[in-house]
Amino acid sequence: MILGIGTDLANIDRIQGVLSRHGDRFRNRVFTETEQAKASRRKDEAGTYAKRWAAKEACSKALGTGLRMGIAWRDMSITNLSSGQPVMEIRGWAKNRLDEMTPSDHEAIVHVSLTDDHPWAQAYVVIEARPLA
Ligand SMILES: CC(C)(COP(=O)(O)OP(=O)(O)OC[C@H]1O[C@@H](n2cnc3c(N)ncnc32)[C@H](O)[C@@H]1OP(=O)(O)O)[C@@H](O)C(=O)NCCC(=O)NCCS
């Protein structure tokens, strides 16, 4: 069954502006070391961050909370499989919220899809509950 869906659109130029003004303070508040390492290796650093920003906003919507009520940005982070497919990792307060939403005899699977086409970056998140075998 589907427990939650969320979507978000982020403006890459706006993220570039925040990066220029706040630099590492912004990077460290919002993004994990893994996300920062990926973005710093890329030519399109702002686009890489904008997709991950959108993913965190979308995930907070799928959790039904938005970015209030205690979710920290870094509790939600994107890694990539070797195929390039993004994976959402959830910890801390967000993980507690996910556990509360998930029926006890189910496991939660968080699906995420990202795209960008300058100046926009977009994310979709779907949280599925799958019966435990
Ligand atoms: C996946 C693919 C359709 C992305 O299309 P695109 O127009 O280049 O890029 P978009 O802006 O729409 O999307 C980029 C996002 O797609 C996602 N993505 C990349 N590969 C993916 C895959 N195999 N499955 C699902 N999502 C994928 C990533 O989240 C990526 O953003 P990120 O790298 O910052 O996390 C395209 O790269 C493709 O067909 N790749 C083939 C697989 C491939 O070459 N893999 C290389 C390693 S084996």
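Bear in mind these aren't lab numbers, they're just calculated from the coordinates by the rules spelled out. Given the structure is predicted, the values throughout are model-derived calculations rather than measurements. Note: ideal-geometry Cβ built from the backbone for every residue, glycine included; neighbour counts use all protein chains shown.
Here are a few things to note about the model shown:
- Gap separating the Cα centres of region 30-49 and region 97-121, nearest whole Å: 20
- Charge dipole (Cα centre; +1 on Lys/Arg Cβ, -1 on Asp/Glu Cβ; no other charges) of region 2-131 amounts to roughly 480 debye.
- Translational diffusion of the chain, µm² s⁻¹ [Kirkwood Rh, Cα pairs; Stokes-Einstein; 25 °C; 0.890 mPa s]: 164
- Calculated [θ] (222 nm, deg cm²/dmol) that DSSP helices of n ≥ 4 give over the chain, each run adding -39,500 (n - 2.57): -12500 deg cm²/dmol
- Degrees separating the helix 12-22 axis from the principal Cα axis of the chain, which is the longest one: 70
- Extension gain, Asp13 back to Arg25 (0.36 nm per residue minus Cα-Cα distance, nm): 2.5 nm
- This ranking places Ser83, Ser77, Ser60 by how few other beta-carbon atoms lie within 10 Å of each, fewest first, which gives Ser83, Ser77, Ser60.
- Close amide H partners of Ala72, meaning residues 5 or more places away or on another chain with modelled amide H under 5 Å apart, are Trp93, Ala94.
- Area projected by the alpha carbon convex hull of region 1-76, averaged over all directions, nm²: 5.4
- Estimated vicinal HN-Hα couplings, Hz - region 25-35 in sequence order (Karplus 6.51, -1.76, 1.60; Gly, Pro = x): 4, 5, 3, 6, 6, 9, 10, 6, 4, 4, 5
- Think of region 2-131 as having a plus end and a minus end, set by charges on the Cβ of Lys, Arg, Asp and Glu; of His111, Trp73, Val126, Trp73 sits farthest toward the positive end of this dipole.
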